[in-house]
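A.B. asks: Structure below; questions to follow.
The values are calculated or read from the model by the stated rules, or taken from the named source; none is laboratory data. Everything numeric in this text was worked out from a predicted model, so none of it was measured. Glycine gets a Cβ as well: all are built from the backbone with ideal geometry, and neighbour counts include every protein chain shown.
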Amino acid sequence: MPAGAGSIEESRSESPRSSDLVLSDLSKAFGGVVALRDASLHARSGEVHGLIGENGAGKSTLVKILAGAITADHGEILYRGSEVTLGTTAAARSLGVATAFQELSLVPDWDVATNLLYRDEPSIKAGRVNPHASRRAAAAAMKQFGVVGIDPGRRVSELRLAERQMLEIMHALMAEPNILILDEPTSALTPEQVWWFFEQVRAFVTSDRLVLFISHRLEEIESLCDRVTVLRDGRNVGSGPISEMPERRLIELVAGEAVEQALAQGIDQPEGSADTPILAKLDGFASPPDFQGIDLEVRQGEIVGVAGLEGQGQLELFLALYGARKSTGQAFLGGKRLRLGSPAAAIAQGVGLVPHDRGLALCLSLSIRDNLTLGSLRAISRFGLIIREKESRIVHRAMTALRVRARGARTIVETLSGGNQQKVLLGRVLALQPKLLLLYDATRGVDVGTKAEIFNLIREQARAGVAILFYSTDVTELIAMCHRVVVLHDGSVRAELSGIAVTEQNIIAAAIGGRSHG
């Protein structure tokens with residue numbers, strides 16, 4: 001479908017009702033970069049409306065306009081039959097707009113209760129907050145929303161990413177908004193938590209409310225949404241009932257048929273894999289109480305998947321191998337024992353990590369150039385001075401290989417789309433030429449096009465002889481990308497699957513503590 005066809009589909013649908021949200025001809029540019037080009041959207045009250053598109057397609061800009069964080073250059077917003085101006089977050093809140101973002105808005109140094117009840121905390125004399133009453137109120141709210149196992153007095157920074165994501169969603173729901181915007185809210189959630197999320201959204205939607213749901217997981221769009229709008233290059237290129245937009249059509253609208261082929265191409269099996277040298281080896285590797293006694297070998301050029309339900313020791317395993325947490329037992333790389341006293345020591349010995357939270361791993365206020373070379377300063381400097389020629393080579397090579405979409409290397413990373421930020425992070429790690437590459441949910445929150453590009457880069461690293469550990473919350477990614485999959489349960493290896501045994505059924509069975517068949 002060519003650009004502009006979305007307006008044709010809309011003309012065949014019902015005319016906007018007085019209770020609907022209608023965006024018409026919205027445009028926004030940042031300097032010389034156009035983020036939205038006469039974009040349109042019609043979301044109906046009482047529905048969950050999906051919004052999809054590649055990173056950089058304009059989704060985040062549209063959402064920020066609705067949230068009052070930025071103002072459109074021109075265009076019209078109608079809600080409940082009246083034109084509205086949303087130049088501030090306060091104006092958006094007064095209209096009844098609430099948001100839950102993938103990049104969390106919770107304050108890490110505050111406890112759970114303070115984050116959930118901010119501005120509504122129970123108080124005692126002189127307006128002072130009553131912490132005990134706040135924690136009781138927060139506990140009651142979490143019980144109401146089915147969020148269990150989180151201490152309301154605990155600091156948010158101490159929680160797992162999935163727990164923080166659930167609190168972000170709950171915080172938005174507690175506002176009881178008219179328009180609920182959910183921007184990649186499930187990217188860090190386990191399958192069980194995704195079902196919790198679905199239940200919350202379905203319970204929330206009524207005839208007077210609407211949900212705008214952004215996700216790169218097409219199966220979630222198909223399961224949860226009533227209608228969907230696809231953005232590409234800042235324009236609406238297709239809208240309609242989800243029943244009339246099958247997955248193949250959505251992929252074609254988002255990024256073209258070539259992406260589906262890239263995702264389905266599989267991996268190259270290492271030639272003579274049984275004889276390929278073992279590059280990384282774990283022997284009784286442990287970090288109690290999170291995981292213990294892990295024995296694992298990864299051959300040169302092999303991609304080994306790590307699976308399991310959330311909280312079974314996967315993250316701690318990756319952090320321990322990166323020297324970011326204490327460990328016992330032995331780990332070897334290239335036949336030499338790894339000394340894992342710190343991330344710097346791990347990096348110096350050839351270990352690279354792409355973590356799950358790019359917001360913490362990147363220096364968002366710095367440029368692409370600075371972020372790409374941050375880990376390579378010794379290699380590109382002499383007597384404390386940067387050798388610009390070496391720096392330029394690293395930056396040019398990375399931006400070309402990763403296809404980072406930006407005006408130039410001086411672009412501030414914070415202004416990039418989530419997918420391009422992830423590419424910059426991956427580029428910084430690959431610039432160090434690691435022998436063991438640890439990828440922890442490296443495609444979290446990126447669109448299908450960017451995911452295909454990242455998959456191809458990972459395959460290239462494997463073909464170059466790098467040993468790779470690949471964790472993903474998406475079982476289909478593990479099946480598509482990995483030569484073998486080890487499944488963790490209660491901090492130990494429950495199953496090791498290879499060949500035809502690498503199936504969704506076997507991975508899930510082992511993850512919940514059952515028996516796999518293979």
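A.B. asks: Of the residues that make up the range 477-491, is at least one charged (D, E, K, R) and more than 19 Å from the chain's Cα centre (by Cα)?
C.D. replies: Checked the range 477-491: at least one residue is charged (D, E, K, R) and more than 19 Å from the chain's Cα centre (by Cα).
So that you can scan it fast, the table gives a plain yes or no per residue for (1) out of contact with any strand residue (DSSP E or B) (no Cβ under 6 Å at 6 or more places or on another chain); (2) of a type in the set (A, V, I, L, M, F, W, C); (3) more than 30 Å from Trp110 (Cβ to Cβ); (4) at pLDDT below 90:
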position	(1), (2), (3), (4)
Thr229	no, no, yes, no
Arg232	yes, no, yes, yes
Gly240	yes, no, yes, no
Pro246	yes, no, yes, yes
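A.B. asks: Also: Do you know which residues across the range 281-315 are buried (at least 21 other Cβ atoms within 10 Å of the Cβ) and either not assigned by TED's automatic domain parsing to the domain that holds Leu438 or not in a strand (DSSP E or B) (or both)?
C.D. replies: Gly301, Glu302, Gly308, Gln312, Gly313, Gln314, Leu315
A.B. asks: Pick from Asp490, Asp447: which is assigned by TED's automatic domain parsing to the domain that holds Leu309 and buried (at least 22 other Cβ atoms within 10 Å of the Cβ)?
C.D. replies: Selected residue: Asp447, the only one of Asp490, Asp447 that is assigned by TED's automatic domain parsing to the domain that holds Leu309 and buried (at least 22 other Cβ atoms within 10 Å of the Cβ).
A.B. asks: Looking at the range 157-167, which of its residues are farther than 13 Å from Gln200 by Cα and touching a residue at least 24 places away in the same chain (Cβ under 8 Å)?
C.D. replies: Ser157, Leu159, Arg160, Leu161, Ala162, Arg164, Gln165 - these are the residues of the range 157-167 that are farther than 13 Å from Gln200 by Cα and touching a residue at least 24 places away in the same chain (Cβ under 8 Å).
A.B. asks: Taking Leu36 as the residue in question, decide whether it is within 30 Å of Ser223 (Cβ to Cβ) and at pLDDT 90 or above.
C.D. replies: Spelling it out, Leu36 is indeed within 30 Å of Ser223 (Cβ to Cβ) and at pLDDT 90 or above.
A.B. asks: Being outside any loop (DSSP other than H, G, I, E, B) and surrounded by fewer than 23 Cβ atoms within 10 Å (Cβ to Cβ) is the filter here, so list the residues in the range 319-341 that pass it.
C.D. replies: Listed by number, the residues that qualify are Leu319, Thr328, Gly329, Gln330, Phe332, Leu333, Lys336, Arg337.
A.B. asks: Now a separate question. State the number of residues belonging to the range 431-457 that are under 26 Å from Phe101 (Cβ atoms) and either assigned to a helix (DSSP H, G or I) or of a type in the set (Asp, Glu) (or both).
C.D. replies: 10
A.B. asks: What do you reckon, is Thr473 surrounded by 23 or more Cβ atoms within 10 Å (Cβ to Cβ), in contact (Cβ under 8 Å) with a residue 12 or more places away in the chain, out of contact with any Pro (no Cβ under 6 Å at 6 or more places or on another chain) and assigned to a loop (DSSP other than H, G, I, E, B)?
C.D. replies: Yes.
A.B. asks: Please go through the range 342-354 and pick out each residue that is crowded, with 22+ Cβ neighbours inside 10 Å and either aromatic (Phe, Trp, Tyr) or under 24 Å from Leu104 (Cβ atoms) (or both).
C.D. replies: Residues satisfying the conditions are Leu353, Val354.
A.B. asks: Given the conditions (1) under 27 Å from Gly419 (Cβ atoms); (2) among the charged types (D, E, K, R); (3) touching a strand residue (DSSP E or B) at 6+ places or on another chain (Cβ under 9 Å), report the number of the one that Asp151 does not fulfil.
C.D. replies: Looking at each condition in turn, Asp151 falls short on (1).
A.B. asks: May I ask you to verify whether Asp441 is within 16 Å of Gln314 (Cα to Cα) and outside the structural domain of Phe332 (by TED's automatic domain parsing)?
C.D. replies: So Asp441 fails the test.
A.B. asks: For the range 342-358, give me the residue count where each residue is in contact with a strand residue (DSSP E or B) (Cβ under 7 Å, 6 or more places away or on another chain) and either part of a strand (DSSP E or B) or within 13 Å of Pro434 (Cβ to Cβ) (or both).
C.D. replies: 6
A.B. asks: Here is a further query. From the set of residues in the range 32-68 that are part of a helix (DSSP H, G or I) and of a type in the set (D, E, K, R), which is farthest from the chain's Cα centre (by Cα)?
C.D. replies: Ranking the candidates gives Lys64 first.
A.B. asks: Restricting to the range 24-39, count the residues that are buried (at least 22 other Cβ atoms within 10 Å of the Cβ) and either hydrophobic (A, V, I, L, M, F, W, C) or over 18 Å from Gly53 (Cβ atoms) (or both).
C.D. replies: Of the residues in that region, 4 qualify.
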